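What follows is calculated from the coordinates using simple rules that are stated; it is not laboratory data. None of these values were measured; they are calculated from a predicted model. FYI the Cβ positions are ideal-geometry reconstructions off the backbone, even for glycines, and counts take in every protein chain you see.
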Amino acid sequence: MLSESMKPGHFLRRILAVFAVVSFTGLISASELTLYTQRHYEFDEKLHQLFSERTGISIVVVKAASDELMARLQSEADRTPADLFLTADGGGLDRAKKAGLLQPLPDPAIANAVPATLKDADHQWVALTMRARVLYYSPDRVKAGELSSYEALADPQWRGRLAVRSSSNAYNQSLMAALVEANGAEDAKAWAAAVRGNMVRPPQGGDRDQIRVVAAGLADVAIANTYYLGLLATSEDAQDREAAAKVKIHFPNQDGRGTHVNISGAGIVKASKKAGDAAKFLAFLLSNEVQEMIAENTFEYPVTTTAKRSELQKSWGDFKADAMPFSVLGERNAEAVRLFDESGWE
Amino acid sequence: MPFAQRPEPVAAPPVVADVIRGFAGTRPRVPRPDRWGLLVTVVAALLLLPVAAVVLRLGGESTAWASLVETLLGKYLLNTLVLVALVVAMAMPLGILPAWLVSTCEFPGRRILSWMLILPLALPTYVAAFVFYRVPEAAIPHLVKIRTTFGVDAFLAAELALRYGLLSLMLAAVLSPYVYLAARSAFTRQCRVQIESARLLGDGVTRAFLRVALPAARPALVAGGAFVAMEVANDYGAVHFFGVPTLSAGIFRTWFGSGDLVAALRLAALMIATVVGLLALERLLRGRARYSAAGADSRPLARRRLVGVKALLAFSVCLLPLTVGFLYPVARLGHWAWLHLAAEGFALPEGLRLGQSLGLAAGTTVAAAFLAALFAYAARLRGTMPRRVFLSIAGLGYAIPGAVVAVGVLSVTGAVDRLHLPLLPMLGGTVAALAFAYAVRFFAIPLKLSEAGLERIGRPVEEASRVLGASPWRTFLAIDLPLLKGPLVAAAILLFVDLLKELPLTLILRPAGFETLATTAFSLASEARLQACAVPSLLVVAAGVLPLILLDRRLGTGSHHG
């Protein structure tokens, strides 16, 4: 009565076989380090490959926003697969440390060439790269003398002329934290409300998009990190390269506390059982060779005193950096987010 | 949705069925543990757990909620409502007019258009957004002119209108197949008789359309529109790229920005309430009016032939949603992908894990489809009242945003992991947890189709099998499952496409180092590497197009039967 293919066993076996095959695809692992990272640069993949070639240790990456990764580390607790936590924001590292998610470096000497301001006093994290949050402007529509500080962007003369990304972004939150520390909460909130009011459009896109908007003539000034100028100038997209040629960098607050800088850095996850391999990876990233490769490729500033900046970075000029400790940025983060909310900067 | 079936099972005449039923009733029953009831209860409970976890947490302590209500909540709500209203308003004509034209008129290109119009379904809204969000850059010189001529305020208003307009049009075109499919099936099947009567009575085309076809198709059109509204409210990727802060964007921001999960979940509840509220409003407006389909007559509608300008016009109307919602974005992605591949020596972008993505989607699809058929069958074995309850519980996840389901699953796996049960490996951050979340979110698709399929098979065949001594399990495997093959394949196709496209849930739950095509595309686009992102994006679209073609054949209302 039943045809061959309709026999129950046959049909079921086929289903189970398909399921078994697909379930086990791609689940095989070898000696490896798992990175929870906020860093999102194409060049990082090349660095991971180089490290694997030299040490035989492969790198598995989970990319997400730093808050997302922290939430995940907390919920996974001692069963997390993560060995290293990398952020593109110093405040995030400090919060991870305070949340008890990190362990001290097994050998602090690997960070000897990093200045004390760029690493944790308890050796729980170390900076890997540095960047400044600067003003990009169109030299056609803005005279260099018109720009001075972050604070001055609240002036009504900038109405409909600014482009800045969302306040959900860690770079903006750390900048806000620095402003709260420097000027007080009320002042910082008023500043955020005024800057939001001066924006050419509601915040959208990343730093690159803000720079593009200035280059395209929609906005006159953007707030963005330094290295994006290098990334745009060397992009595969011709439009990006044209955009990079149309904007200039201004380092704000040179007459006062200095330009807000931030770091990308890393710490070893407390629950990791591969602290030795993880430290090897950090030492690799802090070597002069790799620091200078980063300066040439992601255009972030080196953090060691021995590594040299790239020619392109030198062309942007020297600047005075704000010496505010990154622990302050971490402590003030929640307040900064709340003030952003209250200011209406979404 | 009517599905073309394999040959209908021969329905036993009522008398025979009655005899069999009576015969079955005389068999002595051996009491034994009700395994089928247990199965239904366990599956329903598993699917309900994450949802319950979310509901329970709504009442928790929230630090950010009070200030959220004062500050951004109004903005989130307004943006959501405006965007939903705009998109639905645009998607309706973009879906209805082509559906009307392809089902009542004959013009060159009609056959191919009639199935191509469903293709935008294969394009996830976030992929469309990668393509469209930089389009306004082309308008910048004009905006600058507006600014120098009319001042800053006019310029700000123009910029806002341009961005909202483009986002709405894009979403409406991409989502229009929901309306199109509903309208096409209503026009060709249900309303055929009314439309033909209206014509016989001398009504013009426009009048027949406005006075007869539209009102009669209203329930179907509302269902299509509701899908559009839910998709818009649920969208995370597209609003992210266009900088429109909707509730869905607010959920991510509140959760990750201020770490306040409770406040984020309350936003999600509001979002669901918004969609439900819109549906209730429509019901209210419809009032007591009832529209019934006069006779399920499957003869095709006689189509009137269009020539000359009219044919060209009809063709263009159909081409609009197809171009905006599919042809242009795919052509653009194709160009980018070509540029990227040519520059990289035709190597796939790093981090692209095709096997993982397809394997997970296929595995989950097969498992969920099988389980759904079993569940629907088991639910049917158990009387009528609790069956309704179980079926709606199991289908609940479909109404809940992906991000919220993810939070619920995280709560459940977290709680289980903290118990440190012996032998049980950690669940959080595993492929299993992700597949479970997919099942919670999308179980409604195979379930609804299996249910409808079982309805069609009817009981006689099954009862005959039972009377002949087969166990329920054997009856299921030998009779119902093979007969359900049609609806199950259709369900599997829909499910597979949905799983490949899924973004927010996957972003939150994917295990370490695990990437789907969707997450790879999204992260590349977030890094503004549009040329590289075009490769995984196109793969998502391609993986969606092929099943859609198969599905259209199964739906059978397209070119093949029309």
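Structural remarks
- Each of B:GLU455, A:GLU236, A:GLU53 was scored by other Cβ atoms within 10 Å of its Cβ. Arranged with the fewest first, they read A:GLU53, B:GLU455, A:GLU236.
- For chain A, calculated [θ]222 nm from helices alone, where every DSSP H run of n ≥ 4 adds -39500 (n - 2.57): -12500 deg cm²/dmol
- Which of B:ALA158, B:ILE146, B:MET116, positive extreme of dipole for the stretch B:114-211 (C-beta unit charges): B:MET116
- Charge dipole (debye, nearest 20) of the protein assembly as shown; +1 at Cβ of Lys and Arg, -1 at Cβ of Asp and Glu: 4160
- Cross-link table A:LYS246/A:LYS320; A:LYS246/A:LYS314; A:LYS97/A:LYS273, entries beyond 22 Å C-alpha to C-alpha: A:LYS246/A:LYS320
- Point-charge dipole on Cβ atoms (K/R +1, D/E -1) for chain A, about Cα centre, debye to 20: 520
- Ranking of B:HIS420, A:HIS260, A:HIS40, B:HIS340 by neighbouring Cβ atoms within 10 Å, starting from the fewest: B:HIS420, A:HIS40, B:HIS340, A:HIS260.
- Two-site label geometry, B:ARG283 and B:VAL69: point separation in nm, points 7 Å out along Cα→Cβ: 2.7
- Student exercise, the stretch A:171-245 dipole from Lys, Arg, Asp, Glu Cβ charges, in Debye to nearest 20: 160
- Counting DSSP beta bridges with both ends in the protein assembly as shown, the antiparallel % (nearest 5): 60
- All C-alpha to C-alpha distances of the stretch B:502-546, sorted into 10 Å bins beginning at zero, yield P(r) values of 29, 53, 18, 0 percent in whole numbers.
- This ranking places B:VAL440, B:VAL205, B:VAL88 by how few other beta-carbon atoms lie within 10 Å of each, fewest first, which gives B:VAL205, B:VAL88, B:VAL440.
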